1. Choose one answer from B:197, B:34, B:50: the residue with the largest mean-square fluctuation in a GNM of chain B with alpha-carbon springs under 10 Å.
2. Relative to the longest principal axis of the C-alpha atoms of chain B, give the angle of the C-alpha long axis of helix B:255-270, reported between 0 and 90° and rounded to the nearest 10°.
3. Using the per-residue mean of other Cβ atoms lying within 10 Å as a proxy for protection, in what order, highest first, do the peptides B:319-327, A:94-102 fall?
4. Counting only other chains, and only Cβ atoms inside 10 Å, what mean value do you get across the residues of B:110-122?
5. Counting pairs of alpha carbon atoms under 8 Å apart in space and at least six apart in sequence, what relative contact order in percent does chain A give?
6. Most fluctuating residue of B:165, B:79, B:56 in a GNM of chain B with Cα springs under 10 Å: which is it?
7. With angles folded into 0 to 90 degrees, how steeply does helix B:338-349 sit against the dominant principal axis of chain B? Use alpha carbons for both and round to 10.
8. I'd like to compare B:217-226, A:163-172: which one has the highest average count of other Cβ atoms within 10 Å, and what's the full order after that?
């Protein structure tokens, strides 16, 4: 996948946007690009890109996040530094957007600059194992709501269908039909399909062109 | 078995409640349980249910009283400070003998506290919280699956015994995502001849009320209620025993603390320490008998709690202080590490 300067990950609450964004940022860095990760989540005070703060620092990835993320202060604030994402065009930017339309409203502030520069991928993260986005019609409805809230039309899909620690290659393959329907209903291509870094996925290099490129994901949180 | 879905603990509670026939939800947002309200707001209008964000927690619990009095399956949810506000209403539900499900996804306290997970509302939920002689059936789920299963069971027992069931979870349980099977069995319908559903001029008025000005009658109501509670203590205790067959140290922990403790027990067993766990799934009724029986076999107990030590008092009471009970705890929103629990297990193992 040819990378745009700005890549945005948005989607249904709990669809895996943060994990996808974090892993995508590492993939860019591994290609030798200068990357900034921007945490635009104003909805959920937990499970943030900030969980990966240390890994980002070690890899030389810049993180822009609210100083209140992952703290006890449940305050939906974004730092002024966030504007660097649209103004500093020398770096690639990966944006992690909050869940659903409620989470996407915060993006609206940066929408005019992103549209004007016109070098972005707005990716819709989907997981057919999430109960409110189990069928393609409901999923596309959520997609339209996010587009209305953020003012940016999606141009690609990330199939992140998974069952957490119980994800197997079958879990992923069983989601292809669903992902294809979402693609057909929305008219958008599947740009990425994700798999976790579990032993059962060793050796899998891709699922064919129609499922996009493979993004191997290291999970952020240790399972208790 | 039904196909699995990936859910947050909070969402699992909401969906399980709907599958169990709950069509009325009243609440007020508070982290870390807001997903319950958000989920209900999305789903209830699609299934002819009622989602109402009340003006306060106090208003929400009084709406619960209304639906419960009319015979409906009804729930509310909050987190620690919000449960304090609801406590008056919970006592009124008890005084009116009304069934309802109340969810507490605990956060650190006291006061406004913080938004990180905690178990410091044990006293509040297990011992009462509101005024008067009453009990709630209190469930302590330790997985997203149990969040769903205990929600269904909570409604069931609330209807069966005409009282409040509570789910005592914590911020971690509410926020964590796990695969869950929502294979909800057919719900038994309980007749509610006491409900205020309109007389249709065919029967006498039903009155739902917690006011009683004749002390002899009020005393009798208390006696009757406690006879019911004795039955529940006999029949509804739930717990899990883990590696207890040859255990010399017994860990007692519930909810997320029990999951941390399990990791520590596995590590301790690998070092040759004979340790097991009794995990209460109902905190009231408390698994007194199994703990008392264990006290005749083990050297010591360790309670693992995310509080300054609250359940430890019930363990000491249940075991009649026959063996030492050590406390392994964190507070204020912190979670104990398996290493901390392991050290305490080893300390308990060294007791002679």
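Any read-out appearing in this document is the output of simple, stated calculations on the displayed coordinates, not a laboratory observation. Computed from a prediction, not measured in an experiment: that's the story for all the values here. Quick reminder, even Gly has a Cβ in these numbers, built from the backbone with ideal geometry, and neighbours come from all protein chains shown.
1. Among B:197, B:34, B:50, the largest GNM mean-square fluctuation belongs to B:197.
2. With rounding to tens, the tilt is 20 degrees.
3. Descending packing order for the listed peptides: A:94-102, B:319-327.
4. Details: counts 0, 0, 1, 1, 4, 6, 5, 1, 0, 0, 0, 0, 0.
Averaged over the peptide's residues, the number is 1.
5. Values: 430 pairs, mean separation 52.4, N = 224.
Computed over chain A, the figure is 23 percent.
6. B:56
7. With both axes taken from Cα atoms, the answer is about 70 degrees.
8. Working: B:217-226: 13.2, A:163-172: 17.2.
Output ranking for B:217-226, A:163-172: A:163-172, B:217-226.
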